[in-house]
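Asker: The structure is given below, and queries will be raised subsequently.
The values are calculated or read from the model by the stated rules, or taken from the named source; none is laboratory data. Predicted model, so just to flag it, every value in this text is computed and none were measured. Here the Cβ positions follow ideal geometry from the backbone for every residue, glycine too, while neighbour counts run over all protein chains shown.
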Amino acid sequence: MRALRLAVLISGARHPLTQRPQRSDRDARALELALRQDHQEMTVIHAGSASEPFLPLYLGMGVPFIEVVPCPDTHDPFDALLFRLAALQPDIILCGALGSKPSSQGLLPYRLAHHLNLPIAEQIAEIAASDNGIDLIQAEQGGRRRRLRTSRSLIVTVGSAGPPPRLSAFAKRRDGHVVTLTQPVETRAFKQSIDFRPGKRPSSAARLQWTARPEDRLAAVTGAGSRRDTTVKATTPDEAAAFLLDWLAERGLRS
Amino acid sequence: MSRNHARTHIDLAALFVAREALGKRADPRGMRRVAMRAADTGSLRPRYDLAVMQGLRVKFGRRRDPFKIRFAGKPSVGGDLELFTLRSMIKTEADCAPRQQYRAVQLIEGPDRYILVVTEQTSDGPTDADRESLAAARLLARTGTAIAVMTPFVNEEAWGAAGADRIVVTSSLSDRFENSLDWAKLVAVMEVLQPEHLLLPSSPACNHAALRIAAATDSDLFLDADQIGTSEVARTWQHGMVSSRPTRIMTLKRGCAAPDRTQCFEGRVLDVPVTPVERLESELEDFGLIQTDVRFLPLAEAEFIVAVGAGVKNISALCQLADRLGATIGATRVVCDNGALPRDRQVGASGTIVRANIYVALGISGAVQHLQGIESCRDLIAINIDAYAPIMRRANVALVTDADKMISAVLSRLGETTCAP
């Protein structure tokens with residue numbers, strides 16, 4: 001079992017209702033996954049400013065220090081992170097699959113992977129290092145899990161299937177500290193501008209215009225949803241069993 | 001019958017044919033009147049009654065051939081007077097046949113730029129999702145833009161009708177895009193064509209491919225577009241919409257554009273000179289799917305859930321049922337508090353919020369907190385001995401019966417004996 005050199009990329013989020021600064025759920029899961037590994041060296045990196053309010057929350061997870069690469073808020077953190085990671089050359093880079101901003105699509109890990117020439121493994125639930133290499137368990141839709149293995153360095157993306165993050169403790173938060181990189185890094189503004197406008201989602205009636213079944217279109221327009229189809233007052237368990245199996249068969253789930 | 005007869009019989013067969021051909025109910029008296037009038041003159045130069053003919057024209061509402069009407073009554077060579085009269089108003093077989101709907105095929109020669117559309121990669125032909133993607137591409141296409149579709153299925157007519165100007169033939173791109181060969185092939189085609197836009201369907205595999213290609217080609221990207229227009233593309237996010245100008249690479253969700261079935265395009269096969277891509281060493285070794293017990297999947301990810309409440313006593317029978325149906329087991333707070341099932345099986349506000357497609361609720365009364373957990377479930381079937389339980393109102397289908405007995409009945413129908421609790 002070789003001890004790994006890890007790097008974890010973290011960012012912040014805001015509570016959707018209160019707008020209070022908090023840890024990004026996926027980034028916290030990535031950090032949890034890293035903390036569970038037998039690591040020789042672990043660097044937690046944030047591209048932004050050292051006075052961000054969520055950084056102490058990450059320190060409270062038991063991280064001794066967080067490195068901050070200075071980057072203005074409106075600039076793309078990609079250049080800053082690339083600079084630091086190219087210098088660090090870790091075995092595994094862990095990050096969340098998606099950021100918390102409306103404009104985030106999870107492109108950053110892929111760009112880093114391309115520029116650092118590393119493979120990328122997305123939506124990883126577990127990592128285990130062994131002599132053969134690094135074993136990964138990838139989470140797919142519907143609860144399926146896939147086993148992967150690699151023998152070289154890679155970038156790992158963690159989604160909601162990652163391990164639940166540990167709570168942030170005050171004492172640990174007090175013991176950790178935030179270190180800012182003194183070397184200036186050239187950063188550029190975001191290339192693509194994506195706007196967010198709060199408001200109503202488009203009505204599903206508009207989307208169901210030409211494809212859906214007539215009952216779906218009607219339900220979308222009336223807003224009834226697919227509620228009550230039938231009530232079957234089954235007198236015997238046998239009839240109910242027959243009905244249930246037919247109902248499941250209609251939906252393609254009968255064994 | 002000769003034309004010298006003063007009164008001739010009406011040829012009912014011809015009358016019938018006239019009625020059928022003209023498609024409207026012909027007034028037999030009107031027809032007869034014409035025939036008799038023509039026959040009445042008794043001369044070789046019959047005069048036709050303009051008023052009657054006008055009346056007939058109005059009645060049938062169709063513009064008659066004036067030449068035919070003028071010569072109505074004039075005996076044709078070897079034909080009968082009234083038969084000719086009737087026949088002159090009859091359309092020929094060819095006129096009666098339904099007209100072929102030919103749509104003009106829109107051609108583009110020497111396009112300035114391309115829009116590349118990746119299809120769902122089935123071999124059966126253009127699917128509805130493909131038509132939607134092509135419709136979205138058509139929205140983005142300016143004059144001089146050709147839409148090329150990447151597909152293993154080669155049928156120029158089908159793809160032309162679906163809305164594609166060109167076809168780029170590939171062998172079927174694999175489902176997962178994990179095989180480096182697939183997305184490398186896509187990148188190779190992109191390098192040659194240099195498309196203005198690349199459109200893919202929105203699925204985990206295609207999103208992954210789109211991200212890799214966007215990183216490799218340093219292009220702008222927009223994933224999971226719900227709406228697309230000529231100047232804007234948008235997706236839903238939390239309580240609003242995220243929008244952007246149409247980017248180079250986009251993945252589209254179902255229902256973002258409606259296809260125009262009236263337009264038809266060429267669908268010509270395009271020869272793309274792509275350097276043959278050798279099989280690359282995959283960077284990640286894939287050992288395949290792990291056999292997991294479907295019954296104990298994480299509830300947040302499960303798609304088919306069978307949940308029990310206080311109304312079910314025989315939990316082992318339920319586990320047997322879930323195993324047989326391939327369902328994930330869920331439970332209410334009461335059942336977890338009793339220790340019958342572990343806490344991670346709890347569904348509800350303080351347990352897990354589930355987003356399953358199918359949710360079978362056995363013996364669950366439907367407390368508010370539990371209903372909060374199953375708000376987003378698509379189809380809900382509830383089994384409870386109490387017809388007035390709160391869950392019966394929420395359910396799509398409500399069965400009023402004893403849940404335990406129903407589980408045994410289902411198991412016996414599936415050919416298994418129920419195990420003891």
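Asker: Which of the following residues is among the charged types (D, E, K, R), out of contact with any Leu (no Cβ under 7 Å at 6 or more places or on another chain), more than 17 Å from residue B:327 (Cα to Cα) and more than 9 Å from every other protein chain (Cβ to nearest Cβ): B:386, B:402?
Answerer: B:386
Asker: Shifting gears a bit: Kindly provide the set of residues from the range A:178-200 that are surrounded by 12 or more Cβ atoms within 10 Å (Cβ to Cβ) and not aliphatic (A, V, I, L, M), ordered by number.
Answerer: A:180, A:187, A:190, A:192, A:195, A:196
Asker: Next up: Which is surrounded by fewer than 17 Cβ atoms within 10 Å (Cβ to Cβ) and out of contact with any helix residue (DSSP H, G or I) (no Cβ under 7 Å at 6 or more places or on another chain), of A:166, A:146, A:174?
Answerer: Every option except A:174 fails the conditions.
Asker: Answer with yes or no whether residue B:247 is touching an Asp or Glu at 6+ places or on another chain (Cβ under 7 Å) and on the phi < 0 side of the Ramachandran plot.
Answerer: Here the answer is yes, as residue B:247 does meet what is asked.
Asker: Now, a different point. Checking residue B:216 against (1) under 24 Å from residue B:286 (Cβ atoms); (2) more than 9 Å from every other protein chain (Cβ to nearest Cβ); (3) in contact with a His (Cβ under 8 Å, 6 or more places away or on another chain), which test does it fail?
Answerer: Every listed condition holds for residue B:216 apart from (2).
Asker: What residue, among those in the range A:178-196 that are under 20 Å from residue A:10 (Cβ atoms) and either assigned to a strand (DSSP E or B) or under 23 Å from the mean Cα position of the chain (by Cα) (or both), is nearest to the other protein chains (Cβ to nearest Cβ)?
Answerer: Checked the range A:178-196; the qualifying residue nearest to the other protein chains (Cβ to nearest Cβ) is A:190.
Asker: Right, another one. Within the range B:373-419, take every residue that is free of Cβ contacts under 8 Å to residues at least 12 places away in the same chain and part of a loop (DSSP other than H, G, I, E, B) and give me the one that is surrounded by the fewest Cβ atoms within 10 Å (Cβ to Cβ).
Answerer: The qualifying residue surrounded by the fewest Cβ atoms within 10 Å (Cβ to Cβ) is B:415.
Asker: Would a scan of the range A:52-67 turn up a residue that is in a strand (DSSP E or B), crowded, with 17+ Cβ neighbours inside 10 Å and touching a residue at least 40 places away in the same chain (Cβ under 8 Å)?
Answerer: Within the range A:52-67, one or more residues are in a strand (DSSP E or B), crowded, with 17+ Cβ neighbours inside 10 Å and touching a residue at least 40 places away in the same chain (Cβ under 8 Å).
Asker: Run down B:378, B:324, B:393 and say which single residue is within 11 Å of another protein chain (Cβ to nearest Cβ), at pLDDT below 90 and under 19 Å from residue A:142 (Cα atoms).
Answerer: Of B:378, B:324, B:393, the one residue that is within 11 Å of another protein chain (Cβ to nearest Cβ), at pLDDT below 90 and under 19 Å from residue A:142 (Cα atoms) is B:378.
Asker: Also: Out of all the residues in the range A:74-85, is one or more acidic (Asp, Glu) and over 18 Å from the mean Cα position of the chain (by Cα)? Lay out the reasoning, then the answer.
Answerer: Just the residues of the range A:74-85 that are acidic (Asp, Glu), to begin with: A:76, A:79.
From the residues that got through so far, the ones that are over 18 Å from the mean Cα position of the chain (by Cα) too are A:76, A:79.
Yes, the range A:74-85 contains a residue that is acidic (Asp, Glu) and over 18 Å from the mean Cα position of the chain (by Cα).
Asker: With respect to residue A:28, is the statement that it is buried (at least 22 other Cβ atoms within 10 Å of the Cβ), more than 14 Å from chain B (Cβ to nearest Cβ) and more than 25 Å from residue A:182 (Cβ to Cβ) true? Spell out the reasoning first.
Answerer: Working: buried (at least 22 other Cβ atoms within 10 Å of the Cβ): yes; more than 14 Å from chain B (Cβ to nearest Cβ): yes; more than 25 Å from residue A:182 (Cβ to Cβ): yes.
Here the answer is yes, as residue A:28 does meet what is asked.
Asker: Which of the residues spanning the range B:317-373 are on the phi > 0 side of the Ramachandran plot and either among the hydroxyl-bearing types (Ser, Thr, Tyr) or touching a Ser or Thr at 6+ places or on another chain (Cβ under 7 Å) (or both)?
Answerer: B:326, B:348, listed by residue number.
Asker: Sticking with this one: Working only within the range A:76-98, note down all residues that are within 18 Å of residue A:159 (Cβ to Cβ) and either part of a helix (DSSP H, G or I) or within 12 Å of chain B (Cβ to nearest Cβ) (or both). Talk me through it step by step, then tell me what you get.
Answerer: Initially, the range A:76-98 is screened for residues within 18 Å of residue A:159 (Cβ to Cβ), giving A:92-98.
Correct list: A:97, A:98.
Asker: List pairs: first in the range A:143-163 and within 10 Å of chain B (Cβ to nearest Cβ) and in contact (Cβ under 8 Å) with a residue 12 or more places away in the chain, second surrounded by 19 or more Cβ atoms within 10 Å (Cβ to Cβ) and among the basic types (Lys, Arg), Cβ under 7 Å, 6+ apart or cross-chain?
Answerer: Close Cβ pairs (under 7 Å, with a partner that is surrounded by 19 or more Cβ atoms within 10 Å (Cβ to Cβ) and among the basic types (Lys, Arg)) amount to A:160/A:26.
Asker: Determine whether the range B:335-343 contains at least one residue that is more than 11 Å from chain A (Cβ to nearest Cβ) and surrounded by 23 or more Cβ atoms within 10 Å (Cβ to Cβ).
Answerer: Let us first name the residues in the range B:335-343 that are more than 11 Å from chain A (Cβ to nearest Cβ), namely B:335-343.
Now restrict to residues that are surrounded by 23 or more Cβ atoms within 10 Å (Cβ to Cβ): B:335.
Looking for residues that are more than 11 Å from chain A (Cβ to nearest Cβ) and surrounded by 23 or more Cβ atoms within 10 Å (Cβ to Cβ), one finds at least one in the range B:335-343, hence yes.
Asker: So residue B:348 clears everything in (1) crowded, with 19+ Cβ neighbours inside 10 Å; (2) out of contact with any His (no Cβ under 6 Å at 6 or more places or on another chain); (3) not aliphatic (A, V, I, L, M) except one condition, right? Which one?
Answerer: Here residue B:348 meets the rest and fails (2).
Asker: Output the residues belonging to the range B:218-264 that are hydrophobic (A, V, I, L, M, F, W, C), out of contact with any Phe, Trp or Tyr (no Cβ under 8 Å at 6 or more places or on another chain) and assigned to a loop (DSSP other than H, G, I, E, B).
Answerer: To start, the set of residues in the range B:218-264 that are hydrophobic (A, V, I, L, M, F, W, C) comprises B:221-223, B:225, B:228, B:233-234, B:237, B:241-242, B:249-250, B:252, B:256-258, B:264.
Applying the additional criterion that residues be out of contact with any Phe, Trp or Tyr (no Cβ under 8 Å at 6 or more places or on another chain) yields B:221-223, B:225, B:228, B:234, B:252, B:256-257, B:264.
Selection gives B:256, B:257.
Let's see how each residue does on (1) over 16 Å from the mean Cα position of the chain (by Cα); (2) within 27 Å of residue B:249 (Cβ to Cβ); (3) at pLDDT 85 or above; (4) within 11 Å of chain B (Cβ to nearest Cβ):
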position	(1), (2), (3), (4)
A:110	no, yes, yes, yes
A:113	yes, yes, yes, yes
A:130	yes, no, yes, no
A:133	yes, no, yes, yes
A:167	yes, no, yes, no
A:203	yes, no, no, no
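Asker: Look through the range A:149-163, keep the residues that are in a strand (DSSP E or B) and crowded, with 18+ Cβ neighbours inside 10 Å, and return whichever of them is modelled with the lowest pLDDT.
Answerer: Going through the qualifying residues, I end up with A:150.
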